[in-house]
1. With respect to the numbered conditions (1) in contact with a helix residue (DSSP H, G or I) (Cβ under 6 Å, 6 or more places away or on another chain); (2) surrounded by fewer than 16 Cβ atoms within 10 Å (Cβ to Cβ), which one is the sole condition not fulfilled by ASP392?
2. Restrict the check to the stretch 35-44 and report whether at least one residue is under 44 Å from the mean Cα position of the chain (by Cα), open to solvent by 90 Å² or more (accessible area, probe 1.4 Å) and at pLDDT below 85.
3. I want to confirm something. Restricting to the stretch 196-218 and keeping residues that are open to solvent by less than 40 Å² (accessible area, probe 1.4 Å) and touching a Phe, Trp or Tyr at 6+ places or on another chain (Cβ under 8 Å), which single residue is nearest to GLU269 (Cα to Cα)?
4. With respect to ILE245, determine if the residue is among the β-branched types (Val, Ile, Thr), more than 18 Å from the chain's Cα centre (by Cα) and in a helix (DSSP H, G or I).
5. Please go through the stretch 191-223 and give me each residue that is of a type in the set (Asp, Glu) and over 21 Å from ARG153 (Cα atoms), ordered by number.
6. Can LEU163 be described as open to solvent by 30 Å² or more (accessible area, probe 1.4 Å) and not assigned by the TED database to the domain that holds ASP116?
7. Go through (1) open to solvent by 40 Å² or more (accessible area, probe 1.4 Å); (2) more than 22 Å from SER167 (Cβ to Cβ); (3) in contact (Cβ under 8 Å) with a residue 12 or more places away in the chain and name the single condition VAL234 misses.
8. Check off (1) over 25 Å from THR284 (Cβ atoms); (2) over 35 Å from the mean Cα position of the chain (by Cα); (3) part of a helix (DSSP H, G or I) for ARG397 and give me the number that stays unchecked.
Amino acid sequence: LLQAASDFSHYPGAQSDDSAREFLSRFPLTLIINALQTKFDVPDLENTLVACLEKLFNTKLGASLIPQYMPFVQVGLQAESQAVRSLSCKTVSRLLENAHLIKIYPLLLDCIIKGDEQVAAVATDAIQKLAGFPEGMEIIFPLIASQCSSLGRVRVLALVVNLFSVSRSAASIVYSLNLLKLLEAELRNADDTLVTLNVLELLYELSAIEHSTEFLSKTSLYELLSSIISNNSVESILRSRAMMICGRLVSKVKAVIASIDGRLSDIDECETALESFGHIGSSTQGATYLLSPAARHVINAAFERQGHGKQLAALHALGNISGETRSKLNAEAEENLRRLIYETAARSSKLTPSGLFLSVMQQDAEIRLAVYRMISGLVARSWCLMEICSKDDIINRVTNESTKIGMEARYNCCKAIYQTLTLSDSVSAFTDAYAKLEKAVKMGPYLVKEPQPVVETAKRF
């Protein structure tokens, strides 16, 4: 049995139904399971039989036999052996469309809490697949997080996030079962920094899910995150992660913006705060919130050389706020944006926005890449178009960049200026700039010149 199982499991690629049938004719499934449960003192027997069964159950013939051996699967989910538990979880995944398998859900949950990392992963995968079936989401999720270890609680919370991501209907059931309150409870209990950080990482994943804002806005998670950000006694890494999460979540964000705004004076956390403002500003609603008036700090940091990382984060944030990836803002927000940039220029030695733009464009390639993104968004405004086109040095820089870093961003910037100028009434006032922009756009991102025919003298024999 050991030799045959080893040969079967090590066969390259998938086994066919004919191979499985031939193997089972020599070694019936009952014999293999009994050998696995008896624990003979034979080296590597367990691992070999587990690998053999896994390959066997991956065939259509093997999968069809699983319902007859459900008691073995249930026992396997409670086995001391992590390898047997892992096999049992994978076996469940093969037949999740069978409604009667829902009865073994608590055993899968137990594997998440008590199994090793591999067992927890395959059990989570099985439950997530189970949630894809209508019957699966009818399961009542037992509130057991408080009855297990900190690692077990984090795994249960990870399962909640995974279930939430399945679909909007699954997220609705997760919310209706008050499972998001498990996350709230862990954030309130901040005694264990590592657990809190793990929970924040899960929230960061959850905030990226399309339908998350709809449900999270109904919880107290925003208030808890705001509290973490504002609390000076909390570990800096926790505040930083909370700011990044809030950057992804726009609804009910005004109180959060005020909290993040208060962290900009902290040298160690200002870059994270600026980056989170960039996440907020990437949406129209978020940018509108920021421009009344928190964006002043972003604009100031973008044009003041008070640290490379801080300036870089601020320029990218301003690119998001100004709309490099979306449409324009409402009239009030637009006026605030224009006013803040002109006020910043007036306080500087450059005096004008065009002077500010040119000064940052003359810095290193990484900074210029961020500047190109910023201008791509700002140039949609007529006042910014005039500032850009009236400065020959800016047009020359954006149409003749030779550094490889940021070439696509430079091209997108060039194209944005060209398209805005084309649609404006100012083309005749900037004919030289327009010709340079048109040529640069035709050459593409990497300034490839149009091919020229090569004429050679014919070779004589």
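The values are calculated or read from the model by the stated rules, or taken from the named source; none is laboratory data. None of these values were measured; they are calculated from a predicted model. Cβ sites come from the backbone with ideal geometry, for glycine too, and all protein chains shown count toward neighbours. When the accessible area is computed, the model is the full protein with side chains, heavy atoms only, and any ligands, DNA or RNA have been set aside. Shrake-Rupley method; radii C 1.70, N 1.55, O 1.52, S 1.80 Å.
1. ASP392 satisfies all of (1) in contact with a helix residue (DSSP H, G or I) (Cβ under 6 Å, 6 or more places away or on another chain); (2) surrounded by fewer than 16 Cβ atoms within 10 Å (Cβ to Cβ) except (1).
2. Yes: the stretch 35-44 contains one or more residues that are under 44 Å from the mean Cα position of the chain (by Cα), open to solvent by 90 Å² or more (accessible area, probe 1.4 Å) and at pLDDT below 85.
3. Once the filter is applied, the top-ranked residue is LEU206.
4. Here the answer is no, as ILE245 does not meet what is asked.
5. If the condition is that a residue be of a type in the set (Asp, Glu) and over 21 Å from ARG153 (Cα atoms), then GLU210, GLU214, GLU223 are the ones that fit.
6. no
7. For VAL234, the exception is condition (1).
8. Going through (1) over 25 Å from THR284 (Cβ atoms); (2) over 35 Å from the mean Cα position of the chain (by Cα); (3) part of a helix (DSSP H, G or I) one by one, ARG397 breaks only (2).
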